[in-house]
Every structure is written in C-alpha cells, then in structure tokens.
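Note sheet for the following structure.
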Amino acid sequence: MITRFAPSPTGYLHLGHVVNAIYVWGMARAAGGRVLLRIEDHDRIRSRDVFEYAILEDLAWLGFVPDDGLYPVRRQSENDAAYVAALARLQSAHRVYICTCSRRGIGSERYPGTCRSRRLLPGDRPPAGAGIRVELDDAPEQFEDRALGPIVQTPAEQCGDLLLKDRDGNWTYQFAVTVDDMNDAVDLIVRGLDLLSSTGRQIKLARMLGRTSPPVFYHHPLIIKPDGEKLSKAGGDTGVRELRAAGEPPAAVVGRAARAVGLIDAAGLVDAAASSGLIRATGGGRH
C-alpha cells in the first residue's frame, strides 16, 4: 500500500498539517504500507523555497520520516513532462479546449462551458492569458470513503468542465495531483474533509486518463476554531515553528494535534512513531 503526504510550500506547517501527518503515517504503518513525500508546488506564483525548507525541517523535527520522495525531494514543478504527456492522452480521447474566462467572470465554482467551442488540437498551445479545460460527462461518481461510507458526487454539476492549466500557465491542483497519484501508484489517499468535494472529479479524471481502479479515500476530521473556521496557513494559525520556538517538544505538538481531533482525550505526549496505534484504535488501520 502506498499513500502520500503532499504539502504545498505556500506557508509554514501548522497543527492541521500535523493532524494529516498523524493519519497518513498512522494508516500506512498500521497497514505495513509506505509514505511518499510530494511537494505540491504546482502554484509557482505562491510557492517559496523558504517554505519548502521549513516544511522538510519541521517534518524531521516532528519525527515523520517518509519512505520515498525525500532523497531527492519529489516536486511537482519538476514533473512537467508527465503533465504534458497526460494532457496529450486526454486530447486523444476527450474534448480539451482553450478557456479565456476569468474566475471573476465565471462568478461561481461551476464552470458553464462558455469556451467549449474553442477546441485545443494536439500540438496547439493556448495563447497568453488563456487556460485549458477538459469536458466532463454528466455521469455521477460513486465511491466508498473509509471514514464516511458511501458517497455519490456528480462533478459536472459541482464544478463543470475541469481546468487543467490556469491562465498563468500553472498546472492546476486537480490535474497535477490526479496525474501524480496515478503515476506514483498511490492507492490510499488520506486527507482532510475540506477536500472531499474534489474526490469525484479526481476519480473521473483518473479514469479518463486510463486508471482502471481508483485509490481508496479516507477523509479525516479537521481542527475547527471557535468561530467555526478550519485552521489555515493564511490565518497564521498555531504554526509548528511558533510552538517549537516556545519550547514545546515534538511529542507535545503531535499530542496537541491528536487531541484537537479527538484521537486522544486529554493533553499528553504522543511520539510520531505511535501514530499507528492511534489509528488502529479508531479502526482506520484496515486497508
């Protein structure tokens, strides 16, 4: 079994990332699987080397050591050839087209197909300031989430045709992560509930790219602040580096994250290597 920990270097690690690491490493170790580290720096505008360095340093300090993807570091920014090849596969069997619509012009999450007539032919390049989309069919996607049970989503209704490359020339999250998970043979995806809505569209896109069997998904709970918002990098919430600077040891930081999502009942020290025991206790270690 292969799963992955895939932070974006657009900010420092916070307790929400530590929660994800507990579940990722915990489920992998409980099932005798492997953890792949992937730096998801597809957004070249916001990604920073200083954040990547800090992420790697904080992971090592916490005790979460990946099995692959660290020597050398695996980065999406160095995987352009794989995305170009995947785009060519999509073009050979599906409607891929140039899109000049802006997010403000669309006005909602769902894209209505405004530019569908502007088909992108093999070998074509979109003009500056244009993105690339692929048309999605109307069929629903059904999957079993290991934490939530059976889920049905209809990506065409949720988001419309998927954006593969944005107007700034960046491969999008939905496209890059689907290609990477397929090429890396990732068969268990462990992530927070905030990404649940992406699942159906990624399953559909992977099938369009030729993946015959989708990975298993597990969407774990998020740390919710008193105002009902989840922790975020943008909000500067409870950063690992700040906790380190305040003198908290690694096990206290991991324990703080575990308690925040109910994996333990009271404040305490939790070594990263003990995360598999926490996951087994929840029944999440079966794969």
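Can you confirm whether segment 264-284 contains a residue that is in contact with a Ser or Thr (Cβ under 9 Å, 6 or more places away or on another chain), within 27 Å of ARG34 (Cβ to Cβ) and at pLDDT below 95?
No, that holds for no residue.
Exactly one of these conditions fails for VAL73: (1) over 19 Å from ILE39 (Cβ atoms); (2) of a type outside the set (S, T, N, Q); (3) surrounded by fewer than 17 Cβ atoms within 10 Å (Cβ to Cβ); (4) at pLDDT 95 or above. Give me its number.
(1)
Do you know which residues across segment 133-162 are open to solvent by 50 Å² or more (accessible area, probe 1.4 Å) and under 30 Å from GLU78 (Cα atoms)?
Of everything in segment 133-162, just one residue is open to solvent by 50 Å² or more (accessible area, probe 1.4 Å) and under 30 Å from GLU78 (Cα atoms), namely GLU135.
Would a scan of segment 84-103 turn up a residue that is more than 15 Å from LEU164 (Cα to Cα), surrounded by 14 or more Cβ atoms within 10 Å (Cβ to Cβ) and without any contact (Cβ under 8 Å) to a residue 60 or more places away in the chain?
Scanning segment 84-103, I find no residue that is more than 15 Å from LEU164 (Cα to Cα), surrounded by 14 or more Cβ atoms within 10 Å (Cβ to Cβ) and without any contact (Cβ under 8 Å) to a residue 60 or more places away in the chain, so the answer is no.
For residues in segment 171-225 being of a type in the set (Phe, Trp, Tyr) and surrounded by fewer than 21 Cβ atoms within 10 Å (Cβ to Cβ), which is farthest from PHE143 (Cα to Cα)? Break it down into steps so the answer makes sense when it comes.
First, pick out the residues of segment 171-225 that are of a type in the set (Phe, Trp, Tyr): 171, 173, 175, 217-218.
Now restrict to residues that are surrounded by fewer than 21 Cβ atoms within 10 Å (Cβ to Cβ): 173, 218.
Numbers: TYR173: 21, TYR218: 11 Å.
For segment 171-225, the residue satisfying everything is TYR173.
Applying the selection to segment 17-41, what residues are open to solvent by 20 Å² or more (accessible area, probe 1.4 Å) and closer than 18 Å to ASP58 by Cα? Walk me through it before giving the result.
So the first thing to find is which residues in segment 17-41 are open to solvent by 20 Å² or more (accessible area, probe 1.4 Å), and the list is 17, 20, 29-32, 34.
Within segment 17-41, HIS17, ASN20 qualify.
How many residues are more than 13 Å from the chain's Cα centre (by Cα) and surrounded by 23 or more Cβ atoms within 10 Å (Cβ to Cβ) when one looks only at segment 1-16?
Count: 2.
Can you report the number of residues in segment 226-248 which are modelled with pLDDT of 90 or more, out of contact with any Phe, Trp or Tyr (no Cβ under 6 Å at 6 or more places or on another chain) and surrounded by 14 or more Cβ atoms within 10 Å (Cβ to Cβ)?
Number satisfying all stated conditions: 4.
Can you name every one of the helices (runs of 4 or more DSSP H) wholly within segment 120-239 that holds 2 or more residues which are aromatic (Phe, Trp, Tyr)?
Passing ranges, in order: 173-183.
Under 8 Å between Cβ atoms, which residue pairs at least 6 apart in sequence (or on different chains) link something in segment 107-132 that is open to solvent by 60 Å² or more (accessible area, probe 1.4 Å) with a partner that is among the small types (Gly, Ala, Ser) and modelled with pLDDT of 85 or more?
ARG110/GLY160; PRO112/GLY160; PRO122/ALA88; PRO122/SER92
Which residue pairs have Cβ atoms under 9 Å apart, sit 6 or more places apart or on different chains, and have a first residue in segment 69-83 that is at positive phi and a second that is among the aromatic types (Phe, Trp, Tyr) and not in a helix (DSSP H, G or I)?
Here the result reads GLY69/PHE5, each pair linking segment 69-83 to a residue that is among the aromatic types (Phe, Trp, Tyr) and not in a helix (DSSP H, G or I).
The values are calculated or read from the model by the stated rules, or taken from the named source; none is laboratory data. As the structure is a computational prediction, the values presented were derived from the model and not from experiment. As a convention, Cβ positions derive from the backbone with ideal geometry for all residues, glycine included, and neighbour counts pool all protein chains shown. Surface accessibility is based on the protein's heavy atoms, side chains included, excluding ligands, DNA and RNA. Shrake-Rupley method; radii C 1.70, N 1.55, O 1.52, S 1.80 Å.
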